[in-house]
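The values are calculated or read from the model by the stated rules, or taken from the named source; none is laboratory data. The model shown is predicted, which means the values in this text are computed figures rather than measured ones. With ideal geometry, Cβ positions are generated from the backbone for all residues, glycine too; neighbour counts draw on all protein chains shown.
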Amino acid sequence: MEIDPFIFRLSIFVLSIFVGYYVVWSVTPSLHTPLMSVTNAISSVIIVGAIIAGLSGDIKSIFDTSNIFGFLAIFLAAINIFGGFLVTQRMLQMYKNKKKNK
Amino acid sequence: MSENLSAIFYLVSGVLFILALRGLSSPGTSRRGNLFGILGMIIAITVTFLSIGNFSVGFIYVFIFLLAGGSIGALIAYKIPMTAMPELVAGFHSLVGLAAVFVAISAFLNPQSFNLGSPGDIKLASLIEMSIGAAIGAITFSGSIIAFLKLRGIMSGSPITFKGQHFINLLLGLSIIVLIFYLCKNQSDSFFWSMIAISFLVGLLLIIPIGGADMPVVISMLNSYSGWAAAGIGFTLENTALIITGALVGSSGAILSYIMCKGMNRSFISVILGGFGVTDQNSKKDKNIKPVKSGNAEDAAFLMKNASSVIIVPGYGMAVAQAQHAVREMADGLKKNGVKVSYAVHPVAGRMPGHMNVLLAEANVPYDEVFEQENINNDFASTDVAFVIGANDVTNPVAKTDPQSPIYGMPILDVEKSKSVLFVKRSLSPGYAGVDNELFYRDNTLMLFADAKKMTEEIVKNLN
């Protein structure tokens, strides 16, 4: 019997949880706020699904309900992607050590 | 582009996201990490366009929405003051949640374009995955909106509780599961829509009983939820990048919630159940009897100038008063007088994890002068002056001595051990936990009753 592809995805998922666990524990507490804003930005990779939804169907059906929900999701995720990465970058620019400061 | 090739690219972007988080292990590598994250996102989006290969009219609309959202996001990112980061993050969580709901709805209405079957005949596994994604997404959305309103001060930060609250939440939670079960059985629209509606309601009810002091936990928890929602959608779309990201974000949020709970010595369950922050009646009664010593900026400046070491303990009050720049100036003034200055940051200081660190960084405080609780707590005993600005509960020795106190067992900064303590505070009112701080009435404590920013600026003037 062949293994269901779902099992592979589940393996990736479980392993990623462990990777996430160890990576996040190694994040220094002083960068916890940028951690939250960057996780926010990367979770907006959900835009991938939104693009598929937005582009589905032919020209005539471009404003089907499912497309419209896709467009709205693209809009929301885009706010997050740009906002999340840029605000993270802005915060990280502020972290300087003594030597650089003087 | 072949499906296998695009799957490999999605894997690459997933790995880049891992590197983005890994970069945050030190401020020096963090900027590069963020660039990895941006690169990962660009790859994921480009691959999606290429694998669909449909550059028709729809593509233009996709682009318009992408740019519209992007410019709004960029504008917010540049305009937002650092003190408003908690609200911003809560707001962003709500967008991820809502986006997950919308994607799930599109997949439900038009399953062909996602290769999930046809309407009314969606693959069982996909249906379960998208329902879970949609339900968690909806909870994240409405919960984050409430968190946003509370943090923004539009809604009162005090917990809203009513009888049978938890029972209702439990009932609603169960009904979501029942609805998903029936949805899988007969694929009817009405089950899908009511499941989403109830999930919105659950998110709302889940956050309203949680008080202002617990916001760091709430915000981390919602961070975690937004990750699980993304992972659910990732399974539906069979997209590795989304699954990896969802798992990363989900565990990240969970760890942050754990750290925040530990910082307050509260169990996760008791935070969720809410109702914390009700004023302690007993401590209110004897408040007026005890005498306090209060001083002015001149006294404070004199005391600190003649000290050999000062530890500054910032709290949420500093953020509210926007006093971080003034505090930095004060530290500079002290350093000129040969005083050793460091900063002590409690894990739950502020309204989100790491909030104080960002504010101090904004005010150009070098990060190697800022210490976490466990690294500086032993230094208080050998410190001349502890300058507490806008913090309260995290310094309260009652957390060690009184088992009756709601904050008993919370790890605190040992401010009391330093030779003298300066408290910048507007009044003697208790902090968010509603507990009176006995430190105010000690002999070696000097209260500076004023707005944090004004007082600090006065002190700066007196230092020079």
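Taken together, the residues in the range B:225-258 that are part of a helix (DSSP H, G or I) and either closer than 22 Å to B:I8 by Cα or over 23 Å from the mean Cα position of the chain (by Cα) (or both) amount to 19.
Scan the range A:57-67 and tell me whether some residue there is in contact with a helix residue (DSSP H, G or I) (Cβ under 7 Å, 6 or more places away or on another chain), modelled with pLDDT of 90 or more and not β-branched (V, I, T). Within the range A:57-67, not a single residue is in contact with a helix residue (DSSP H, G or I) (Cβ under 7 Å, 6 or more places away or on another chain), modelled with pLDDT of 90 or more and not β-branched (V, I, T). Using the structure shown, decide if B:L109 is surrounded by 22 or more Cβ atoms within 10 Å (Cβ to Cβ), out of contact with any Gly (no Cβ under 9 Å at 6 or more places or on another chain), at negative phi and facing another protein chain (nearest Cβ under 7 Å). No: the conditions fail for B:L109. In the range B:185-199, is there at least one residue being in contact with a Gly (Cβ under 8 Å, 6 or more places away or on another chain), within 14 Å of chain A (Cβ to nearest Cβ) and either under 17 Å from B:A138 (Cβ atoms) or assigned to a helix (DSSP H, G or I) (or both)? Looking for residues that are in contact with a Gly (Cβ under 8 Å, 6 or more places away or on another chain), within 14 Å of chain A (Cβ to nearest Cβ) and either under 17 Å from B:A138 (Cβ atoms) or assigned to a helix (DSSP H, G or I) (or both), one finds none in the range B:185-199, hence no.
The condition of being touching a residue at least 40 places away in the same chain (Cβ under 8 Å) and over 20 Å from B:I233 (Cβ atoms) holds for A:S30. Taking the stated definitions as given, is B:M155 surrounded by fewer than 17 Cβ atoms within 10 Å (Cβ to Cβ) and not hydroxyl-bearing (S, T, Y)? Considered against the rule, which asks whether it is surrounded by fewer than 17 Cβ atoms within 10 Å (Cβ to Cβ) and not hydroxyl-bearing (S, T, Y), B:M155 comes out as yes.
Residues of the range B:266-315 that are of a type outside the set (G, A, S), at pLDDT 80 or above and under 19 Å from B:V394 (Cα atoms): B:V310, B:I311, B:I312, B:V313, B:P314.
Restricting attention to the range B:36-85, which residues are more than 8 Å from chain A (Cβ to nearest Cβ), of a type outside the set (V, I, T) and within 21 Å of the chain's Cα centre (by Cα)? Result: B:K79, B:P81, B:A84. Total residues in the range B:2-27 satisfying the condition of being assigned to a helix (DSSP H, G or I), surrounded by fewer than 22 Cβ atoms within 10 Å (Cβ to Cβ) and either acidic (D, E) or more than 8 Å from chain A (Cβ to nearest Cβ) (or both): the figure is 11. Residue under question is B:P406, and the condition is that it be of a type outside the set (D, E, K, R), over 18 Å from B:G315 (Cα atoms) and in a loop (DSSP other than H, G, I, E, B); does it hold? Judged against the criteria, B:P406 is a match.
Pairs meeting the criteria (first residue in the range B:261-274 and within 18 Å of B:I219 (Cβ to Cβ) and assigned to a helix (DSSP H, G or I), second residue at pLDDT 75 or above and aliphatic (A, V, I, L, M), beta carbons under 6 Å, at least 6 apart or on different chains) are B:C261/B:V217; B:G263/B:V348; B:M264/B:V348; B:M264/B:M410; B:V271/B:V217. Look through the range B:291-315, keep the residues that are over 24 Å from the mean Cα position of the chain (by Cα) and assigned to a loop (DSSP other than H, G, I, E, B), and return whichever of them is surrounded by the most Cβ atoms within 10 Å (Cβ to Cβ). So, considering only residues that are over 24 Å from the mean Cα position of the chain (by Cα) and assigned to a loop (DSSP other than H, G, I, E, B), the one surrounded by the most Cβ atoms within 10 Å (Cβ to Cβ) is B:A307. Answer yes or no: is there a residue in the range B:119-142 that is assigned to a helix (DSSP H, G or I), away from every other protein chain (no Cβ under 14 Å), farther than 16 Å from B:G234 by Cβ and in contact (Cβ under 8 Å) with a residue 40 or more places away in the chain. Yes, the range B:119-142 has at least one match. For the residues A:S56, A:S43, the requirement of being facing chain B (nearest Cβ under 7 Å), under 18 Å from B:A74 (Cα atoms) and either in contact with an Asp or Glu (Cβ under 6 Å, 6 or more places away or on another chain) or of a type in the set (S, T, N, Q) (or both) singles out A:S43. Only one entry of A:V23, A:V45, A:V19 meets the criterion of being under 21 Å from B:G137 (Cβ atoms) and surrounded by 13 or more Cβ atoms within 10 Å (Cβ to Cβ), and that entry is A:V45. When the residues of the range B:316-373 are filtered to those that are away from chain A (no Cβ under 12 Å), part of a loop (DSSP other than H, G, I, E, B) and under 19 Å from B:M82 (Cβ atoms), the one that is modelled with the highest pLDDT is B:A323. Whether any residue in the range B:438-453 is surrounded by fewer than 24 Cβ atoms within 10 Å (Cβ to Cβ), modelled with pLDDT of 85 or more, within 28 Å of the chain's Cα centre (by Cα) and not in a loop (DSSP other than H, G, I, E, B) is what I want to check. Yes, the range B:438-453 has at least one match. Pairs meeting the criteria (first residue in the range B:403-415 and on the phi > 0 side of the Ramachandran plot, second residue at pLDDT 80 or above and surrounded by 20 or more Cβ atoms within 10 Å (Cβ to Cβ), beta carbons under 9 Å, at least 6 apart or on different chains) are B:G409/B:A399.
Criterion first (at pLDDT below 85 and either within 30 Å of the chain's Cα centre (by Cα) or of a type in the set (G, A, S) (or both)) does B:V435 satisfy it? When the stated conditions are applied, B:V435 passes them.
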